[in-house]
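Following: one structure in structure tokens, then a few remarks.
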Amino acid sequence: MAKIINVVKGTHDILPQEVEQWHILEKNALEIFSRYGYKEIRTPIFEVTELFARGVGDTTDIVNKEMYTFEKSERSLTLRPENTAGVVRSYIENGMSRLSPPVKLWYKGPMFRYERPQKGRQRQFHQVGVEMFGVKEPAADAEVILMAVDYLKSLGLDDLEVEINSLGCPKCREEFKNNLKAVLKPEFDNLCEDCQKRYEKNPLRLLDCKVESCKAIFEKPEIQKVIQSDFICEECADHFAKLKSYLDTMQVKYTVNKLLVRGLDYYNRTVFEIKSNNLGSQNAVCGGGRYDSLVKNLGGEDTPAVGWAMGMERLNALLPVPELKKLNGYIVSNSPVEALELAQKLRKEGYRIEFDLSNKKFTKQLEKASKVADYALILGEDEIKAGKVSVKNLATSEQKTVSIEELRSIL
Ligand SMILES: [Zn+2]
Ligand SMILES: [Zn+2]
């Protein structure tokens, strides 16, 4: 026998018995996001590498370690590791800044990151996300958070915790960065290798470090004092206070987490995460924030923006597996032409119908029907002569002979 070829490490097939769950995620996204005026956008899964270097940030792990980059015709191309940069590229390229703001876009699809595969972390994974362009007011931040909560609730995740933080603007953040660097300077040699690199390039990202020895350093009182300080300027503070008051009004339960900085370079002011407590343990299911400088950095006009993304594999892991839909009817017959005619008639009306294609014995066909359908539609010689069909309820074994018209009131 020929050698079997397996799926690539870190990727997976979404099998028929799992795909119903994906349909629910996608259907609810379309339904809920439409209520907020969002339109779907589909961008290519690969872009020029420079887009991510500039758009995601060249101090991030994503860009430094995790991108699938390849060359074709002397151009460096990369499989998208996230989709905000691609959506921003499209927004600029298609002149969407000429539309009256806000421009609200959502997307879903596969993303690619070369990470060590583990439970819930794949190299090809899927995200659903939203981006809103053109509004700097905190009502926009509140609306995107509300929509994320709405969406998660629609899926059945109701035990949610929203964590928010404000990273300030480039102006006030500079002061915070300097304070942080000053207080961490004596600890520099004790920081992990990544943190030592971030120290100069992007000190805020230090707070995101998952290395235990780094986390312990940040717990020190003199460092906590800086982390917990209210460094943001008056304007940023006002923006954050308004966001909180909107969330209060809408009775969204939230906490302020000063360590929340998010893994990407482009955020300013609001950042947030949503955690689900469903299934006992706490799982981060949504992350996002404001990125007012990204459109400009990628060559567009100065345009404020805010958005979020959710990992769809992670959502699926928290949701119950829906039952596979059975057929409405399975036609049991030894007259293929009549069976085909009845099947086509019912399919055109929207019923899910199959019939035996290989002329098996009646009993075999009935066996199959009881596995895959709610009703067996028996089309024997007598039924065909009378222009009728015998309907067997496969749950109760109740059976009666009816006309095609009557059949519709049963199925
Ligand atoms: Zn500020
Ligand atoms: Zn570290």
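The values are calculated or read from the model by the stated rules, or taken from the named source; none is laboratory data. Treat the numbers as computed from the prediction; the structure is a model and nothing was measured. Cβ atoms come from the backbone with ideal geometry, glycine included; neighbour counts cover every protein chain shown.
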Is it true that Phe70 is free of Cβ contacts under 8 Å to residues at least 12 places away in the same chain, of a type in the set (A, V, I, L, M, F, W, C) and out of contact with any Asp or Glu (no Cβ under 8 Å at 6 or more places or on another chain)?
-> yes
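Hey, among Leu357, Leu340, Leu346, Leu377, which residue is out of contact with any strand residue (DSSP E or B) (no Cβ under 8 Å at 6 or more places or on another chain), outside the structural domain of Arg98 (by TED's automatic domain parsing) and over 30 Å from Phe33 (Cα atoms)?
On the way: Leu340 fails: out of contact with any strand residue (DSSP E or B) (no Cβ under 8 Å at 6 or more places or on another chain); Leu346 fails: out of contact with any strand residue (DSSP E or B) (no Cβ under 8 Å at 6 or more places or on another chain); Leu377 fails: out of contact with any strand residue (DSSP E or B) (no Cβ under 8 Å at 6 or more places or on another chain).
Among Leu357, Leu340, Leu346, Leu377, only Leu357 is out of contact with any strand residue (DSSP E or B) (no Cβ under 8 Å at 6 or more places or on another chain), outside the structural domain of Arg98 (by TED's automatic domain parsing) and over 30 Å from Phe33 (Cα atoms).
Sort through Cys236, Cys209, Cys195 and tell me the only one that's of a type outside the set (Phe, Trp, Tyr), in contact with a Cys (Cβ under 7 Å, 6 or more places away or on another chain) and at pLDDT 90 or above. Walk me through how you get there before you give the answer.
Values: Cys209 fails: at pLDDT 90 or above; Cys195 fails: at pLDDT 90 or above.
Answer to the selection: Cys236.
Across the stretch 21-38, what is the number of residues that are aliphatic (A, V, I, L, M) and either more than 12 Å from Leu319 (Cβ to Cβ) or in contact with a Phe, Trp or Tyr (Cβ under 7 Å, 6 or more places away or on another chain) (or both)? Walk me through it before giving the result.
As a first pass, look at the stretch 21-38 and keep what is aliphatic (A, V, I, L, M): 24-25, 29-30, 32.
Applying the additional criterion that residues be either more than 12 Å from Leu319 (Cβ to Cβ) or in contact with a Phe, Trp or Tyr (Cβ under 7 Å, 6 or more places away or on another chain) (or both) yields 29-30, 32.
Qualifying residue count for the region: 3.
Do any helices (runs of 4 or more DSSP H) lying entirely in the stretch 175-238 carry at least 1 residues that are near ligand 2 (Cβ under 10 Å from one of its atoms), and which ones are they?
Values: elements: 193-201, 212-218, 221-227.
In the stretch 175-238, 193-201, 212-218 are the helices (runs of 4 or more DSSP H) which contain 1 or more residues that are near ligand 2 (Cβ under 10 Å from one of its atoms).
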Only one of (1) away from ligand 2 (no atom under 16 Å from the Cβ); (2) assigned by TED's automatic domain parsing to the domain that holds Gly288; (3) in contact with a Leu (Cβ under 9 Å, 6 or more places away or on another chain) fails for Leu259. Which number is that?
-> (1)
Within the stretch 138-166, how many residues are touching a residue at least 24 places away in the same chain (Cβ under 8 Å) and either among the charged types (D, E, K, R) or assigned to a loop (DSSP other than H, G, I, E, B) (or both)?
-> 10
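Would you confirm, using the coordinates I've provided, whether Leu247 is in contact (Cβ under 8 Å) with a residue 24 or more places away in the chain and surrounded by 17 or more Cβ atoms within 10 Å (Cβ to Cβ)?
Details: in contact (Cβ under 8 Å) with a residue 24 or more places away in the chain: yes; surrounded by 17 or more Cβ atoms within 10 Å (Cβ to Cβ): yes.
Against the criterion (in contact (Cβ under 8 Å) with a residue 24 or more places away in the chain and surrounded by 17 or more Cβ atoms within 10 Å (Cβ to Cβ)), Leu247 qualifies.
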Conditions (1) crowded, with 19+ Cβ neighbours inside 10 Å; (2) away from ligand 1 (no atom under 16 Å from the Cβ); (3) at pLDDT 95 or above: number failed by Leu184 = (3)
Residue check, Phe112 against (1) surrounded by fewer than 22 Cβ atoms within 10 Å (Cβ to Cβ); (2) within 16 Å of ligand 1 (Cβ to nearest atom); (3) not β-branched (Val, Ile, Thr), all met but one. Which one?
-> (2)
How many residues of the stretch 43-57 are closer than 24 Å to Arg290 by Cβ and in contact (Cβ under 8 Å) with a residue 12 or more places away in the chain? The answer is 9
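Among the residues in the stretch 11-26, are any over 25 Å from Val321 (Cα atoms) and either outside any helix (DSSP H, G or I) or not assigned by TED's automatic domain parsing to the domain that holds Ala140 (or both)? Explain how you work it out, then say what you get.
Taking the stretch 11-26 first, the residues over 25 Å from Val321 (Cα atoms) are none.
There is no residue in the stretch 11-26 that is over 25 Å from Val321 (Cα atoms) and either outside any helix (DSSP H, G or I) or not assigned by TED's automatic domain parsing to the domain that holds Ala140 (or both).
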Pick from the stretch 150-174, criterion under 15 Å from Leu318 (Cβ atoms) and not charged (D, E, K, R), ranking: nearest to ligand 2 (Cβ to nearest atom) | Leu160
How many residues of the stretch 277-333 are farther than 27 Å from Ser97 by Cα, among the polar types (S, T, N, Q) and surrounded by fewer than 22 Cβ atoms within 10 Å (Cβ to Cβ)? The answer is 7
Among Glu405, Glu354, Glu367, the single one that is at pLDDT 95 or above and either basic (Lys, Arg) or surrounded by fewer than 16 Cβ atoms within 10 Å (Cβ to Cβ) (or both) is Glu367
How many residues does the stretch 132-172 hold that are of a type in the set (Asp, Glu), more than 21 Å from Glu234 (Cα to Cα) and touching a helix residue (DSSP H, G or I) at 6+ places or on another chain (Cβ under 7 Å)?
-> 1
All conditions in (1) surrounded by 21 or more Cβ atoms within 10 Å (Cβ to Cβ); (2) more than 14 Å from the chain's Cα centre (by Cα) are true of Leu160 except (1)
Count - residues of the stretch 344-382 that are under 41 Å from the mean Cα position of the chain (by Cα) and part of a helix (DSSP H, G or I) = 11
